[in-house]
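Notes follow the structure.
Read-outs throughout are calculated quantities, based only on the coordinates presented, and are distinct from any laboratory measurement. Bear in mind that the values here come from a model prediction, so they are computed numbers and not experimental data. Positions of Cβ are generated from backbone atoms using ideal geometry, with glycine treated the same way; all protein chains shown enter the neighbour counts.
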Amino acid sequence: MIPGPIELEPRVTAALAQKTRSHVDPSFIEDHGDALRRLREVAGASACFPFIVPGSGTLAMELAIANLVEPGTRVLVVHTGWFGDRMAEIVRRHGGAPTQLRAPIGEAPTPDELARALEKEPAAVVTITHVDTSTGVRADLEGLARAAKRAGALVVVDAVCSLAAERLEQDAWGLDVVLAGSQKALGAPPGLAVLTASEAALAARRARAHAPASLYADWAEWMPIMTAYLEKKPSYFATPATGLVSALLESLRMVTAEGRELRAARHARLARGLRAGLAALGLHFIPRDETLSANTLSAVSYPQGIDPSLLGAVKERGVVLAGGLHPEIKARYFRIGHMGAVSEGDVVAVTSAIGQALRALGHPCDPGAGLSALAQALG
Ligand code: PMP
């Protein structure tokens, strides 16, 4: 139950076990094209161009910034946690000028605040972390994107911890780039950076005076390859991670069969249920309220008198959780991932394990009350 990499469905593991195929094997070309089409479907991005590139989510961030940011480009980073700092650093490395719009830990800047910030200091690009995995905060992506578009900025969305588990409509909300990694709610192993780019984003890349400094991150190098896969033709720029693409396709088949709205609703229900259970154990969360709380993970404060040894006690009860990540509050909270193949059984198991571990460590709580609040919230 960590916020990625997540456990794989057996079908996905089986896909990984296939014999390695050549990147120009007709069956691989067909599968890669299929994965690109399904990626577009998952992001609600039928008008966008899809990329699947070997690398992690951080590469997906670089793939966005390297193409849209030139020396001197002003970028406003909507900051809801540590991954906003990473985005600002990537912007700096590419010669851009990042400004951060920050909120207190556990909160998110509002669309009005973004509009005012852009009025004061215009930016060519606005980046938004949909769900920041260091705080569990989910930003109001639709509202923030509307404010950014009104100010004429391109919108880049770090959806590493949201794609395929939160509501996200790339075409309808005017998101120019949606980027993610394979290892979270997309349900695949780590190792693939995925990205869908709007026509406006592609036009911004074409309009550059100079190509990006990174050959590997240049959309212009990858576009002919992705186009070839979509058209079922062989092509080569850099060797694709053939086995990982097979696994991702298997997982995307499951995601698209479930449907993105139902999948987001399933994650929302389980997340609400889990937090109701934990609240009944007397626990509090890093996000200020439930509207700011992600479907994909919960960031939970240690109660008074309990320290990170709680995670060891929970593990003894069969559940693996993650520690804190945000440098300012690292030792004060822990994180529970609940995305991908997560089920009612999983949230029951984690609530029960945490309740028992807390009681064993001397925190006064009733594990049964946690389970009954969970059951009630699930309805
Ligand atoms: N952005 C967010 C919101 C993330 O959660 C992560 C990974 N936890 C990243 C970016 C970076 O992805 P990766 O670790 O795959 O490079």
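In the structure shown, the pairs Lys19/Lys184; Lys149/Lys330; Lys184/Lys315; Lys120/Lys330 are assessed against 29 Å; a Cα-Cα span above that value is assigned to Lys149/Lys330; Lys120/Lys330. In the chain, the longest principal axis of the Cα atoms and the axis of helix 111-120 are about 50 degrees apart.
Could you list Cys161, Cys48 so that the one with the fewest beta carbons within 10 Å of its beta carbon is first and the one with the most is last? Each step should come with its number before you reach the end.
Working: Cys161 29, Cys48 23.
Final ranking by Cβ density, sparse to dense: Cys48, Cys161.
Residues Lys184, Lys149, Lys315, Lys19, ranked from the fewest to the most other C-beta atoms within 10 Å, line up as Lys19, Lys315, Lys149, Lys184.
Using a simple spin-label model with pseudo-atoms 7 Å out from Cα toward Cβ, Glu41 and Ile2 lie 3.2 nm apart. Placing a pseudo-label 7 Å from each Cα along the Cα-to-Cβ vector at Arg269 and Arg208 gives an inter-label distance of 4.5 nm. Between the C-alpha center of the stretch 155-174 and that of the stretch 314-379 there is a gap of 27 Å. Axis of helix 242-258 versus longest Cα principal axis of the chain: the two differ by about 60°, to the nearest ten degrees. Given the stretch 154-249 reduced to its alpha-carbon atoms as identical point scatterers, what log10 I(q)/I(0) does the Debye formula return at q = 0.16, 0.24 Å⁻¹? Results for the stretch 154-249 at q = 0.16, 0.24 Å⁻¹ read -0.81, -1.41. Among Gly136, Gly84, Gly95, the residue with the largest mean-square fluctuation in a Gaussian network model of the chain, with springs joining Cα atoms closer than 10 Å, is Gly95. Rounded to the nearest 500, the 222 nm mean residue ellipticity of the chain from helices alone is -13500 deg cm²/dmol, with -39,500 (n - 2.57) taken per DSSP H run of at least 4 residues. Fewest neighbouring Cβ atoms within 10 Å first, the residues Ile286, Ile90, Ile306 line up as Ile306, Ile90, Ile286. The length gained by stretching the chain between Met223 and Leu378 to full extension, at 0.36 nm per residue less their Cα-Cα distance, is 51.4 nm. Between rounded, prolate and oblate, where does the stretch 42-174 land on the alpha carbon gyration tensor, with a ≥ b ≥ c its root eigenvalues, rounded for a/c under 1.5, else prolate if a/b exceeds b/c? The shape class here is rounded.
Give me the distance between the Cα centres of the stretch 189-243 and the stretch 59-79, rounded to whole Å. Value for the Cα centre distance between the two parts: 16 Å. May I ask for the angle, rounded to the nearest 10°, between helix 260-280 and the longest principal axis of the chain, with both axes built from Cα atoms and the value confined to 0 to 90°? Helix 260-280 sits roughly 30 degrees off the main axis of the chain.
Applying 1/(1 + (r/R0)^6) with r as the Cβ-Cβ distance of Ser235 and Ala360 and R0 = 41 angstrom yields a FRET efficiency of 0.10.
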